[in-house]
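Contents: one structure, followed by commentary.
Just so you know, all these numbers are worked out from the coordinates, no wet-lab data involved. This structure is a prediction, so every number in the text was calculated from the model and none was measured. Every residue, glycine as well, gets a Cβ built from its backbone with ideal geometry; the counts of neighbours run over all protein chains shown.
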Amino acid sequence: MSFVLRIQPVVAAVLFAALVGCANDPAPTEQLKLTEQAVAQAQAVGATDEEPDLVNAQTKLTQARADMADQSYKAARMHAEQAELDARLAEARVLTQKSEAQVAQVNARLERLRKQLGAGQ
Amino acid sequence: MNAVSRSLGFGLLLASAGLAGCAGHQGSDQALQGAVADYQKVKEDTNVLRSAPKDVIRAGELLGRAERLSSYIGSADDVTHYAYLSSRYSAIAREHSKLLLNQEKLARLELERQRLQLALREAKLAGAQQQGQWAEDQVVSLSTQQNERGLVMTLGDMLFDTGRAELKSSANRTVLKVVQFLQFNPRRVVRIEGYTDSTGDGQENLTLSKDRAQAVADVLSDLGIEEERIQVEGYGDQYPVDVNTSERGRAQNRRVEIVFSDDKGRLSAPR
């Protein structure tokens, strides 16, 4: 009996701490929307599953949704924040790659033009 | 005695929790150091600072947050998180900077391309004028006709050396005419089709016909026609216009045809 009585305050304290933890982290609904937009944006510019950061973003977004369902709002926010930046990085990488391809293409055209001008003279 | 052992047990529990916190600490230290290194690199790169200042500022803010948190016990997860976000912003800043540099480079290259296109056009025009009447004769042998495929211009075999794909300079006048026509009719597009006679290997003929058509397309694009307006097809020895049994017939069959769309940009379907 005395054992039960003594252990109870500890349990109460732990429970209280857990509750306080929950109260500090509101549901990150806005962040999830932002993340979803970032992922969609990356896909819109042409990022595919071959872009590892897009895969990271999608995995973490899925995790964030699961955290939301479990009401683990802090974990949800962290996963969503990371996923947002993963997606933005994937988008930036794709755009850089595209611009590199464009530079290569214009360089090839210039090469051809110089060759023709050289041959004509 | 009982109470003492119990409080000891509770103490042990707390200590082990603290230890677990320490174990996480090592990973967070690593993440923090990585983020510091990433931030240092972008901060010192004037190109990154110029092209992506906002991303660099965000990386710095998040790094500051991770550093402040690292002085608290039990914050390892948060430190790792903010260090990760900071590193990502540094990487994004680097990508944005690369993109901007490439765009600036493209603008410079595009100017150079326009300059060279103009020079090439002048060179071709001068060449065509020098050839004068002789070139005119060559052009006469090219025929342009309207049939069910649309307006079709045929570039004869004499505009290429045997077995070679490069256009000879005697084609200058014709090519310039086509370019001028396409520039006056900006909505028209073309399909350039290569054909050979039936002598030799079929696969090689297919390649040669495609290469010759591509050579014409390249010249048009070099003279300023947008590549999006030019399609290229090689048909090898298919669709002869004459018999392959006579020299004259074979010469007729070796040709490049330029099929023009109507003025709405509608092109007949490829064969």
Check your understanding: If you rank B:I192, B:I73 by fewest surrounding Cβ atoms within 10 Å, what's the result?
Key -> B:I73, B:I192
Practice item. Provide A:V45, B:V79, B:V189 in ascending order of the number of other Cβ atoms located within 10 Å of each residue's Cβ, fewest first. Key: A:V45, B:V189, B:V79
Check your understanding: What is the fewest-to-most order of B:Y239, A:Y73 by other Cβ atoms lying within 10 Å of their Cβ?
Key -> B:Y239, A:Y73
Revision key, fill the gap. From the Cα centre of region B:43-88 to that of region B:157-171, the distance in Å is 62
Study note, to complete from the structure: For peptide B:85-91, the mean count of other chain Cβ atoms within 10 Å per residue Cβ is 4
Study note, to complete from the structure: Set B:K43/B:K98; B:K105/B:K177; A:K98/B:K168; A:K115/B:K168; B:K54/B:K98, cut-off 25 Å on Cα-Cα distance; pairs above it are B:K105/B:K177; A:K98/B:K168
Review point. Going highest first, how would you order B:248-256, B:43-51, A:27-35 by mean Cβ packing within 10 Å?
Key: B:248-256, A:27-35, B:43-51
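Would you mind giving the mean number of other chain beta-carbons within 10 Å of the Cβ of each residue in A:94-106, as a whole number?
4
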